[in-house]
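Read through the structure below, which is laid out as structure tokens, and then see the notes.
The values are calculated or read from the model by the stated rules, or taken from the named source; none is laboratory data. None of the values given here were measured: they were computed from a predicted structure. Every residue, glycine among them, receives a Cβ derived from its backbone with ideal geometry; neighbour counts consider all protein chains shown. When the accessible area is computed, the model is the full protein with side chains, heavy atoms only, and any ligands, DNA or RNA have been set aside. Shrake-Rupley method; radii C 1.70, N 1.55, O 1.52, S 1.80 Å.
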Amino acid sequence: MLRFLLTFILVAITSALLAQAPKPEATQYTCVMHPEVIQDHPGRCPKCGMKLVPVKKDRRHPTPNTEDPTSKTETAHSTHHPHMEEGHAMHEMKMQSSVNLTDPMSREGSGTSWLPDSSPMYGRMFMLGQDMLMLHGAAFPRYTNVRTRRGDDRIDAPNWLMGMFSHPLSDNAQLGVRLMMSLDPLTEGGRGYPLLFQSGESWHDQPLHDRQHPHDLFSELSLTYSQKFTPDLSSYIYFGYPGEPALGPPTFMHRISAMDDPDAPLGHHWQDSSHVTFGVATGGLVWRTVKIEGSVFTGREPDEDRYDFDRPRFDSASGRISWNPTPDLALQFSHGYLKSPEGLEPTVNRHRTTASIIYNKALGHDANWATTFVWGQNDDTHEGKTQSFLLESDFQHGRDTFYTRLERVEKSGHELVLDGADLEKIFPIYAASFGYVHDFAYGDGIDVGLGAQFTIDHRPDELDRYYGDEVGYGLEVFLRIRPSLHRHHEMADAMK
């Protein structure tokens, strides 16, 4: 399996590099705000709408995270243009990640994870002198109906809100602060929302099954210090209480490929469930588009009191390597040891290994395609190894968005709260979701879309006595409310 994953990653990287290679003889055009955007004809940037400017043929296009105007980054902005100085300055000074000042803001995922540099940003920016505040969030008021004997129907509203703040300490140092909150404890209640074959965490000292647990009121409160040593080399230190360790891909609600899906993946507790961890310290070293980082953190998942701050333990550790070989690709491989993650099973420890490929492509003005593949493996005390696979994709064109998620997860009878001899068995679970959203309010600061999603699940016949004989499926109708796509003119207004 590992050989297959490595081969898959190598083929994906090679194909992307070949596809992205510029034609040396043709005049190329780039965006002063998004230097990763390159095309062989004039026009406007598909991400912010600015007019593209020529790139000199005899000079190399910069890597996305370099900023020194006297270095090779200068080449993308060397041709005179009436708006170049203003755009170049804003790109250098205002569009940096709050985690690491040499990273573009579009690369910033959850915790310290990376998205592709070409990822669109949905949010509102405010400039406070040299300081930057960026607000993100989403809410999904909806009706859900999940069939089968273990299903349920209800009206609820999964939601989250995040603020990112950065303050330059000097030309080469930056302080970042992030706050993420969710009103899930109010809108979802202690049991969370119905999601067939979902598992993880507890309610009233009983393990949850076929439901997605609510997130805590405070999902992240973090502080980051980053330092640039050269235009290509930088580092950072991240502290979160709560926060997210260097383990797994960006969590699902921060991935462009998953942002329109109201549900958590069934493989959440194999891939990205550590995004709410009470006590995290991470150190990272970044060389151009490669990052190596390590974390010490609390292995125990949040308790049932969703309004408190759990006791930090710092008893677990993880490491992750990330690479963005092109502006459209983000790759990561990570491994972590989680001590006693489940409060109901204090003697069970877990080793988690993950690998992911995230691809994002701007397809023209106001059109984007994002796809993510994630593999996650848990190796639990007494239970052994179980694996999860996820493939999700999101295509947005103007007001219309189509998305899908395909999953295969190995879940034990213990995870699904079965009984008798079934407790020790491992069951392969399959799920496929298909959804559509149409924005009837769009591009005016807040997007409001009406969406529908259909999910069908497949399980072994052995589980019929728990779930019934009928086919497992879920239907939901929802509103998707979020900030509009961040554009260049909004940034110019924020600076005034």
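List of remarks:
- Count of the stretch 176-191 residues which are under 9 Å from residue 98 (Cβ atoms) and open to solvent by 10 Å² or more (accessible area, probe 1.4 Å): 1
- Scanning the stretch 390-439 for residues that are closer than 14 Å to residue 210 by Cα and among the β-branched types (Val, Ile, Thr) returns 409, 417, 429.
Okay, residues lined up against (1) of a type in the set (Ser, Thr, Tyr); (2) open to solvent by less than 10 Å² (accessible area, probe 1.4 Å):
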site	(1), (2)
254	no, no
257	yes, yes
265	no, yes
270	no, yes
273	yes, no
300	no, no
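- Filtering 173, 157 for residues that are within 19 Å of residue 266 (Cα to Cα) and either of a type outside the set (A, V, I, L, M) or touching a Leu at 6+ places or on another chain (Cβ under 9 Å) (or both) leaves a single hit, 157.
- Picking from residues in the stretch 441-455 that are touching a Gly at 6+ places or on another chain (Cβ under 7 Å) and open to solvent by 10 Å² or more (accessible area, probe 1.4 Å), the one that is nearest to residue 263 (Cα to Cα) is 455.
- Which listed residue, of 418, 423, is of a type in the set (A, V, I, L, M), in contact with a helix residue (DSSP H, G or I) (Cβ under 8 Å, 6 or more places away or on another chain) and outside any strand (DSSP E or B): 418
- When 312, 250 are screened for being more than 16 Å from the chain's Cα centre (by Cα), assigned to a loop (DSSP other than H, G, I, E, B) and closer than 18 Å to residue 222 by Cβ, only 312 passes.
- Strands (runs of 3 or more DSSP E) fully within the stretch 130-237 that include at least 3 residues being closer than 16 Å to residue 253 by Cα and not acidic (Asp, Glu): 131-139, 159-170, 173-181.
- Residue list for the stretch 337-365, restricted to those being aliphatic (A, V, I, L, M), assigned to a loop (DSSP other than H, G, I, E, B) and out of contact with any Pro (no Cβ under 7 Å at 6 or more places or on another chain): 348
- For the residues 207, 194, 262, the requirement of being touching a Leu at 6+ places or on another chain (Cβ under 7 Å) and not polar (S, T, N, Q) singles out 207.
- Residue count, the stretch 347-363 (criterion: closer than 16 Å to residue 402 by Cβ and open to solvent by 10 Å² or more (accessible area, probe 1.4 Å)): 2
- Residues of the stretch 379-426 satisfying the condition of being under 22 Å from residue 457 (Cα atoms) and polar (S, T, N, Q): 386, 387, 388, 393, 404, 412
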